1. Say R0 is 41 Å: what FRET efficiency, to the nearest 0.05, do residue 94 and residue 47 get from their beta-carbon distance?
2. Please list 3J(HN,Hα) in residue order for segment 46-54, calculated via the Karplus relation 6.51 cos²θ - 1.76 cosθ + 1.60 where θ = phi - 60°; whole Hz, with x for glycine and proline.
3. If each DSSP helix of 4+ residues adds -39,500 (n - 2.57) and the sum is divided by the residues in the chain, what number results at 222 nm, nearest 500 deg cm²/dmol?
4. For residue 37, list long-range residues whose amide hydrogen, built 1.01 Å from N in the peptide plane, is under 5 Å from its own amide hydrogen.
5. Pull up all non-local amide H partners of residue 46: gap of 5 or more, or a different chain, and H-to-H distance under 5 Å with H placed in the peptide plane.
6. Tell me the angle of helix 84-116 to the major Cα principal axis of the chain, expressed in degrees between 0 and 90 and rounded to the nearest ten.
7. Show me, bin by bin at 10 Å from 0, the whole-percent P(r) of segment 7-116 based on Cα pairs.
Amino acid sequence: MNNDSADYPPLDPIKTGLKGCCPRCGQSKLFDGLLKLKPRCASCGLDYAFADAGDGPAVFVILIIGFLVVGLALWAEVNYSPPVWLHILMWGPLTVILSLVLLRGLKGVLIALQYRHSAAEGKLDRE
């Protein structure tokens, strides 16, 4: 099996990441469970050791979900004035569900972008 990246056409990192597929071949699944990465691609053999999304996906999820849920909660408060318990009942589960859905997709996108641009940890050249 040839593992040379030049043998694979470039894939759209957004589509590939959202589907949770290998960033090189787009065939095999990237995740083993909800957020844990597989060690390597079952199709092309790409080692996922390079992948380190860090806290990036969580930051994007906090900003996106926070904007949506707070905006909807404010809109509901101004227009309908529901009691606090109803706010908690509506927005709590919505926040958790949307966060889990977005977290996996955004982690896949960031890993696919990292692969596409050969991003790595910054290192200083010492002479």
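1. FRET efficiency, residue 94 to residue 47: 0.65.
2. These are the phi-based 3J(HN,Hα) values: 4, 7, 8, 5, 5, 6, 8, 7, x Hz.
3. So the helix-based figure for the chain works out to -18000 deg cm²/dmol.
4. Hits under the 5 Å cutoff: 32.
5. 41
6. 20 degrees
7. Pairs per bin, as whole percents: 14, 38, 22, 15, 9, 2.
Read-outs: derived from the displayed coordinates by stated rules, not from any lab. The structure presented is a predicted model; accordingly, all values stated were derived computationally and were not measured. Counting neighbours? That spans all protein chains shown, and the Cβs are built from the backbone with ideal geometry, glycine included.
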